[in-house]
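Chemist: My questions will all concern the structure given below.
Just so it is clear, none of the values below were taken in a lab; they were calculated from the coordinates. Owing to the predicted nature of the structure, the values given are computational and were not obtained by experimental measurement. Cβ atoms come from the backbone with ideal geometry, glycine included; neighbour counts cover every protein chain shown.
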Amino acid sequence: RTQYGFKAKTIDDKDEVGNVIGKKTVYGFAKYLRDALPNATYLGFTGTPIEKTDKNTPAVFGNYIDIYDIAMAVEDGATVRIFYESRLAKIHLSEEGKRLVKELDEELKKDDLSETQKAKAKWTQLEALVGSKDRVKRVAKDIVSHFEARQEVFEGKGMIVAMSRRIAVELYDEIIKLRPHWHSDDLSKGAIKVVMTAASSDGPELAKHHTTKEQRRALADRMKDPQDEMKLVIVRDMWLTGFDVPCLHTLYIDKPMQGHNLMQAIARVNRVYKDKPGGLIVDYLGIASDLKKALSFYSESGGKGDPTVTQEKAVQLMLEKLEVVSNMFFGFNYEDYFTADTSQKLSIILSAEEHILGLENGKKRYVDEVTALSKAFAIAIPHEQAMDVKDEVAFFQAVKARLVKFETPGPGKTDEELETAIRQVIDKALVTDKVIDVFDAAGIKKPDISILSEEFLLEVKGMKHKNIAIEVLKKLLNDEIKSRVKTNLVQSKELLEMLEDAIKRYHNKIITAAEFIDELIDLGKDIQEMDEEPQEMGLSTFEYAFYTAVANNKSARELMQKEKLRELAIVLYERVKQNASIDWTIKESVKAKLKVIVKRTLRQYGYPPDMQKLATETVLKQAELIASELTKSEPEVVS
């Protein structure tokens with residue numbers, strides 16, 4: 001853990017009897033280790049590297065020497081695929097819950113509360129709503145039915161991640177009410193356990209679930225034994241890292257998580273076990289975007305620091321932004337939202353989204369204004385004027401959440417995290433009749449991880465709200481194209497130009513919304529066909545990238561035909577790979593040598609002379625794009 005511990009910390013200095021006698025500055029182990037061994041070489045081994053502004057593994061240990069990622073592990077059979085299922089539970093806010101919110105609001109108004117205490121109070125408020133009695137009952141009921149259905153088709157075990165120890169215990173109590181035979185006071189018996197520590201001051205309800213280190217080791221052995229009757233475990237923080245249970249197939253997440261912490265947690269269910277088809281992540285708090293980020297990599301963090309404006313200024317700014325956002329709904333009556341039932345609320349939100357998307361540059365303007373409103377609101381709360389408009393702000397945030405659901409967020413997540421916490425507190429005051437699936441709420445079927453299936457594309461096409469359908473397709477296609485940018489220069493450029501051309505013609509009103517949707521769906525089908533072509537041609541992903549580089553002009557395709565271009569691509573890839581050194585992209589001599597090799601190979605295979613210069617440049621650009629892949633093995637010079 002030596003990427004931590006460089007910064008100084010101030011702690012209490014105590015005498016022999018424990019009395020505080022002053023302050024002293026200390027550092028972590030990393031600082032002392034580096035000071036003691038300044039010329040040592042430090043190597044890092046980690047399954048979850050961090051690349052943030054404030055914590056950066058490569059910045060401490062240097063560039064990655066070797067990477068073995070999830071895709072490789074799945075391909076090698078070292079791990080199984082991870083699947084995601086959203087079962088977003090809305091909260092039934094009881095009178096007791098409303099009283100709790102009011103009391104916490106009063107606490108937040110105290111002038112002597114520090115920023116850290118305010119953040120803690122917001123988390124406490126969120127925890128109280130997420131852990132409301134009615135919601136815990138609904139989640140417990142859903143988990144029991146869901147897990148039993150899973151057990152019918154595949155024997156294994158599950159883990160539930162709760163937001164707090166209190167919620168973990170109450171969730172346990174609700175589950176054993178539904179399935180009394182799962183309970184046992186004996187640690188060596190019973191189908192479900194809570195793994196946590198507790199002090200006597202926590203009260204008897206929590207204290208009875210306290211476990212010692214030895215007891216937790218015994219429970220771990222039970223969990224790892226596929227034949228043991230213990231099938232479910234509820235945790236808050238324990239067992240989310242370094243806990244290896246191959247037969248664990250389902251992870252129920254009811255706790256806000258992100259980044260490497262989320263990555264470590266979901267890795268609990270990706271272990272190989274018999275014919276285990278994959279691990280399932282069941283989401284009860286809407287962490288889909290965080291899960292996607294964790295699986296692709298980790299988002300940067302800029303750190304939010306202290307507020308830059310006073311509360312009074314924030315109140316004025318909040319009211320200004322509130323008016324701007326309200327004016328964007330001119331001609332759209334959203335007042336019914338505040339008295340509607342759950343299904344009507346969801347319908348109004350979707351209609352509001354459709355309205356905003358119908359405005360000139362509406363999506364960007366709305367998202368920008370609501371983001372500014374949310375930041376001001378976060379600082380202004382719990383000012384009386386902020387509290388008076390919190391329901392209206394909640395509605396605007398709910399519409400924004402729908403609008404940004406299908407777009408890639410920018411770097412830096414701290415402000416977004418703050419808004420998410422606020423939205424959880426406010427939006428969860430909706431009364432629900434059942435656990436709601438987010439895709440059902442949008443009017444489309446839940447997609448598989450392979451999002452561009454023909455069935456899903458047709459489902460999106462049939463959506464009632466055409467502007468929303470367009471946003472969904474644009475987001476999905478853009479993500480698919482971006483995933484190719486790092487491996488295939490020509491193909492990604494071609495697809496991006498097709499997408500941008502369609503968007504431009506739609507914005508210029510050359511084509512209708514319906515025609516635009518059809519073009520996007522056709523583009524999705526083109527992507528699917530392109531994905532199948534490398535396998536059909538017997539080429540690897542990188543060989544195919546070189547093929548698209550040399551087949552990117554009509555004269556070459558007509559003169560050489562597909563099979564000869566295929567052979568040329570394989571030879572080019574091998575020769576470039578054999579002659580590329582680790583730092584070849586910054587060494588002009590090596591680049592010049594590779595240029596000669598590419599030119600010679602093109603001439604050798606009869607590539608059209610008038611296109612050789614362009615093809616050489618394209619091949620070298622493609623090579624630079626996959627430079628790390630080309631230098632994975634020791635280079636061998638072609639004679």
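Chemist: Greater than 20 Å separation of Cα atoms is the criterion. Which listed pairs, Lys276/Lys475; Lys363/Lys475; Lys321/Lys400; Lys475/Lys525, meet it?
Modeler: Pairs exceeding 20 Å: Lys276/Lys475.
Chemist: Based on alpha-carbon positions alone, could you give the equivalent ellipsoid semi-axes of the stretch 202-252 from the gyration tensor, as √(5λ), descending, whole Å?
Modeler: They are 21, 13, 11 Å, listed from largest to smallest.
Chemist: Which links in Lys292/Lys390; Lys587/Lys621; Lys345/Lys482 stretch past 25 Å when you go from one Cα to the other?
Modeler: Flagged as over cut-off: Lys292/Lys390; Lys345/Lys482.
Chemist: Answer rounded, prolate or oblate for the stretch 462-537, using the Cα gyration tensor with square roots of eigenvalues a ≥ b ≥ c: rounded when a/c is under 1.5, else prolate when a/b is larger than b/c, else oblate.
Modeler: Prolate, since a/c reaches 1.5 and a/b exceeds b/c.
Chemist: How much FRET efficiency would the formula 1/(1 + (r/R0)^6) give for Phe330 and Asp531, where r is the Cβ-Cβ distance and R0 is 51 Å, rounded to 0.05?
Modeler: 0.70
Chemist: Of the peptides 209-221, 572-584, how do they stack up when ordered by the mean number of other Cβ atoms within 10 Å, highest first?
Modeler: Sorting 209-221, 572-584 by mean packing, highest first, produces 572-584, 209-221.
Chemist: Would you mind computing, in nm to one decimal, how far apart the modelled labels at Leu187 and Ser581 are, each placed 7 Å from Cα along Cα→Cβ?
Modeler: Roughly 6.0 nm, to one decimal.
Chemist: Points 7 angstrom from Cα along the Cβ direction at Gln316 and Glu588: gap in nanometres?
Modeler: Simple spin-label model gives 5.8 nm for this pair.
Chemist: Expected output is a single nm value to one decimal: the length gained when fully extending between Glu16 and Asp134, i.e. 0.36 nm times separation in residues minus the C-alpha distance. What is it?
Modeler: Numbers: separation 118, 0.36 × 118 = 42.48 nm, distance 5.00 nm.
That works out to 37.5 nm of additional length.
Chemist: Sort Ile266, Ile21 so that the residue with the fewest other Cβ atoms within 10 Å of its own Cβ comes first and the one with the most comes last. Could you put the intermediate results ahead of the total?
Modeler: On the way: Ile266 23, Ile21 9.
Fewest to most other Cβ atoms nearby, the residues stand as Ile21, Ile266.
Chemist: Moving on to the next point. Rounded, prolate or oblate: which fits the stretch 9-73, taking a ≥ b ≥ c as square roots of the Cα gyration tensor eigenvalues, rounded meaning a/c under 1.5, else prolate when a/b beats b/c? Let's see the in-between values first.
Modeler: On the way: a/c = 3.48, a/b = 2.34, b/c = 1.49.
Note, shape of the stretch 9-73 comes out prolate.
Chemist: Which is farthest toward the positive dipole end of the stretch 9-73 among Gly28, Thr46, Ala71, measuring Cα position about the Cα centre, with Cβ charges +1 (Lys, Arg) and -1 (Asp, Glu)?
Modeler: Result: Gly28.
Chemist: Contour minus end-to-end for Met238 and Thr339, with contour as 0.36 nm per residue of separation and end-to-end as the Cα-Cα distance?
Modeler: 32.2 nm
Chemist: Now for a different question. Stretched out fully, how many nm does the piece from Ser145 to Ala71 gain, at 0.36 nm a residue minus the Cα gap?
Modeler: Working: separation 74, 0.36 × 74 = 26.64 nm, distance 3.15 nm.
Here the answer is 23.5 nm.
Chemist: Let me ask something additional. Let me spell out the model: positive unit charges on the Cβ of Lys and Arg, negative unit charges on the Cβ of Asp and Glu, origin at the Cα centre of the stretch 499-639. What dipole size does that give, in debye rounded to 20?
Modeler: 900
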